[in-house]
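Everything below concerns the one structure shown next.
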Amino acid sequence: MADEPVPVGASNERVRATYDRVAGVYERLLGPVEAPSQRRAVALLAAEADLGLAGARVVEVGCGPGGRLADLRRRVGQDGTVVGLDAAPAMADRAQGRGGTAVLGDARRLPLAAGSVDAVCALDVLELFSASDLRRVLREVTRVLRPGGLLCVAAMTTADVPDSRFLRAYERLYRGVPGAGRVGCRPVDVGGALAETGFAVVRRERAVRAGVWPVACVVARPR
Ligand SMILES: C[S@@+](CC[C@H](N)C(=O)[O-])C[C@H]1O[C@@H](n2cnc3c(N)ncnc32)[C@H](O)[C@@H]1O
């Protein structure tokens, strides 16, 4: 594993444009592969939350086509609210009505009031941001969480999975294949960014997708 996370290969605007174009393919091809570990991350969140998530106000940033919104809706029940936010219009359109309200928005500038939500989910999205944008997103999460609120993450993280041949190969492809940077997604040091922005990790598990693709499922809260 490289000492430094691989720099993101394109501006966030270009990355979003990529996801806007590939929304349908992304949902069909990657949705089923990512679902079990994302569900596991949500289960860890529910296990940590007071009284599970019943009645909670939950936001999923970078919700993509909305694969987890129905799971979150089941967890929060009739008294809770679920909002999915994505920067790509085609993703937000797909997510609409899948268990919550989908809105177009930027995770770096959340259109939400301070202290207004109980939990934020970031599932397979933190890997898209540059190091400075990742910290902006995490500071925004801290701002919108109520005291005691929780962040739930599923991500390819270099610190949590330091020994993965899959992640090393992924990084080589990301650096070497022309245009790969426009997908944005590459392993990042989520643990380091969480520590730097004042989060304490309260639950952590490693999951493996399709037998080869390691991800960390993490629940954290601002200190
Ligand atoms: C790898 S996909 C993951 C989608 C979803 N979480 C899932 O697992 O199905 C990353 C998503 O982040 C969105 N995204 C990229 N930049 C964003 C930003 N600045 N704010 C919010 N969403 C963003 C993309 O449009 C894309 O839908």
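The values are calculated or read from the model by the stated rules, or taken from the named source; none is laboratory data. These numbers were taken from a predicted model, which means no experiment stands behind them. Don't worry about glycine lacking a Cβ; one is built from the backbone with ideal geometry, like all the others, and counts go over all protein chains shown.
Return the pairs, sorted by first residue and then second, in which the second residue is among the acidic types (Asp, Glu) and not in a helix (DSSP H, G or I), the first residue lies in the range 1-23 and is modelled with pLDDT of 90 or more, the beta carbons are less than 9 Å apart, and the residues are 6+ apart or on different chains.
ASN12/ASP106; ARG16/ASP86; ARG16/ASP106; TYR19/ASP86
Of these, GLY99, GLY115, GLY105, which one is modelled with pLDDT under 95 and surrounded by fewer than 22 Cβ atoms within 10 Å (Cβ to Cβ)?
Selected residue: GLY99, the only one of GLY99, GLY115, GLY105 that is modelled with pLDDT under 95 and surrounded by fewer than 22 Cβ atoms within 10 Å (Cβ to Cβ).
Only residues that are assigned to a helix (DSSP H, G or I), of a type in the set (A, V, I, L, M) and either under 17 Å from VAL219 (Cα atoms) or in contact with an Asp or Glu (Cβ under 6 Å, 6 or more places away or on another chain) (or both): list them for the range 108-146, please.
LEU126, LEU134, VAL137, LEU138, VAL141, VAL144
Counting only residues that are small (Gly, Ala, Ser) and under 21 Å from ALA54 (Cβ atoms), which one in the range 89-127 is farthest from the ligand (Cβ to nearest atom)?
GLY115
Within the range 70-86, track down each residue that is more than 10 Å from the ligand (Cβ to nearest atom) and touching a Cys at 6+ places or on another chain (Cβ under 9 Å).
Correct list: LEU72, VAL83.
List the pairs whose first member sits in the range 183-194 and is away from the ligand (no atom under 12 Å from the Cβ), whose second member is polar (S, T, N, Q), and whose Cβ atoms are under 8 Å apart, counting only residues at least 6 apart or on separate chains?
PRO187/THR157; PRO187/THR158; VAL188/THR157; VAL188/THR158; ASP189/THR157; ASP189/THR158; VAL190/THR157; GLY191/THR157
Go through the range 43-57 and give me each residue that's within 16 Å of the ligand (Cβ to nearest atom) and under 24 Å from ALA114 (Cβ atoms).
LEU45
Testing GLU60 on (1) under 21 Å from ALA216 (Cβ atoms); (2) touching a helix residue (DSSP H, G or I) at 6+ places or on another chain (Cβ under 6 Å); (3) within 9 Å of the ligand (Cβ to nearest atom), one condition comes back false. Which one is that?
(2)
May I ask you to list the residues in the range 195-219 that are charged (D, E, K, R) and in contact with a helix residue (DSSP H, G or I) (Cβ under 6 Å, 6 or more places away or on another chain)?
If the condition is that a residue be charged (D, E, K, R) and in contact with a helix residue (DSSP H, G or I) (Cβ under 6 Å, 6 or more places away or on another chain), then ARG203, ARG209 are the ones that fit.
Hey, could you check the range 55-74 for residues that are part of a helix (DSSP H, G or I) and more than 15 Å from LEU150 (Cα to Cα) and say which is nearest to the chain's Cα centre (by Cα)?
LEU69
Restricting the search to the range 163-187, which residues are surrounded by 12 or more Cβ atoms within 10 Å (Cβ to Cβ) and assigned to a loop (DSSP other than H, G, I, E, B)?
SER164, GLY184, CYS185, ARG186, PRO187
Modelled with pLDDT of 95 or more, crowded, with 23+ Cβ neighbours inside 10 Å and closer than 22 Å to GLN38 by Cβ: does that describe VAL201?
Considered against the rule, which asks whether it is modelled with pLDDT of 95 or more, crowded, with 23+ Cβ neighbours inside 10 Å and closer than 22 Å to GLN38 by Cβ, VAL201 comes out as no.
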